[in-house]
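Engineer: Let me give you the structure first, and then I'll get to my questions.
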Amino acid sequence: MDSVLQLLTDKDLAFTIALTARTCAVAVILHAFAGLFLGYYLARKKSIITALVDFIVTLPLVFPPIGTGFIVLLLFGRNGFFGKTGLTPEIIFTEKGVVVAAFIAGLPLVVKPIQSAVEREVFKLAEAARTLGKNEFQTFFLVIVPAVKRSLGAGLILAAGRSMGEVGITLMVGGNIIGKTNTISLEIYNSVMDADFLRASFLCLILGSISLGVFFALRRMSAL
């Protein structure tokens, strides 16, 4: 009982939970905007460029997370392709890097449902709106967004769950620095390595409760 009370009042654990919550919240906001625009763009245009963008967006679904994280490290590290230019913010081994990792991991789960919804049922509605004199901006926000809101909602729920459980990309980009970039998932790993199974179990219980909430949210959305 005393051990449980210590966990509930542990400042380091509170930081880990707060960091994960902040990361997930920021990532979901980014997913909403990027998912809508990328999903619409990939569904509407077909070219070599869109094929490349589609490949980059889909890569985290089919490529090992640790490998994806290594690619990000090569691109945005201090001596990386973009890092050398000094034009990009420092993200490696920072909280920004943790957010970037969560964003990359969850993005395809938002983009692909929206892309599929637009390709399947929204094009005719968009064409009708243009015929009625709506410009591209009006068509997107008054026709496209309402038509794909269920796909967007389901994608955001899945992306939030994926972002919260991300390990591989976060480990490479965030660095698993205690008190700075250690999310709940990484802290479970740290606790197991330290043979602190009570701490690991407590954190697993938190993630399990969230996963259960994601499951019921998806079931409720599919029933609407």
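The values are calculated or read from the model by the stated rules, or taken from the named source; none is laboratory data. Since this is a predicted model, take the numbers as computed values, not measurements. FYI the Cβ positions are ideal-geometry reconstructions off the backbone, even for glycines, and counts take in every protein chain you see.
Engineer: Among the residues of the range 26-49, which ones are loosely packed, with under 13 Cβ neighbours inside 10 Å and within 20 Å of residue 161 (Cα to Cα)?
Structural biologist: Result: 29, 33.
Engineer: Scan the range 179-189 for residues that are at pLDDT 90 or above and more than 18 Å from the chain's Cα centre (by Cα) and jot them down.
Structural biologist: 180, 187, 188, 189, listed by residue number.
Engineer: When the residues of the range 12-25 are narrowed to those that are buried (at least 18 other Cβ atoms within 10 Å of the Cβ) and at pLDDT 90 or above, which ends up farthest from residue 155 (Cα to Cα)?
Structural biologist: My answer is 16.
Engineer: Something else about it: Can you tell me which condition residue 14 does not meet? The list is (1) within 20 Å of residue 165 (Cα to Cα); (2) within 12 Å of the chain's Cα centre (by Cα), and all the others hold.
Structural biologist: Evaluating residue 14 over (1) within 20 Å of residue 165 (Cα to Cα); (2) within 12 Å of the chain's Cα centre (by Cα) leaves (2) as the failure.
Engineer: Could you list all residues from the range 106-128 that are in contact with a Ser or Thr (Cβ under 6 Å, 6 or more places away or on another chain) and of a type in the set (Gly, Ala, Ser)?
Structural biologist: Correct list: 106, 117, 126.
Engineer: Right, next: Has the range 119-142 got any residue that is of a type in the set (Ser, Thr, Tyr) and in contact with a Lys or Arg (Cβ under 7 Å, 6 or more places away or on another chain)?
Structural biologist: yes
Engineer: A further question on this structure: Report whether or not residue 197 is in contact with a helix residue (DSSP H, G or I) (Cβ under 8 Å, 6 or more places away or on another chain) and free of Cβ contacts under 8 Å to residues at least 40 places away in the same chain.
Structural biologist: In short, yes.
Engineer: Quick check on my filter: what residues within the range 91-138 are in contact with a helix residue (DSSP H, G or I) (Cβ under 6 Å, 6 or more places away or on another chain) and among the aromatic types (Phe, Trp, Tyr)?
Structural biologist: Listed by number, the list holds a single entry, 103.
Engineer: Still on this structure: Please work out which residue is surrounded by the fewest Cβ atoms within 10 Å (Cβ to Cβ), limiting yourself to the range 134-189 and to residues that are in a helix (DSSP H, G or I) and hydroxyl-bearing (Ser, Thr, Tyr).
Structural biologist: 189
Engineer: For the range 72-113, give me each residue that is among the β-branched types (Val, Ile, Thr), at pLDDT 90 or above and buried (at least 19 other Cβ atoms within 10 Å of the Cβ).
Structural biologist: 72, 98, 99, 100, 104, 110, 111
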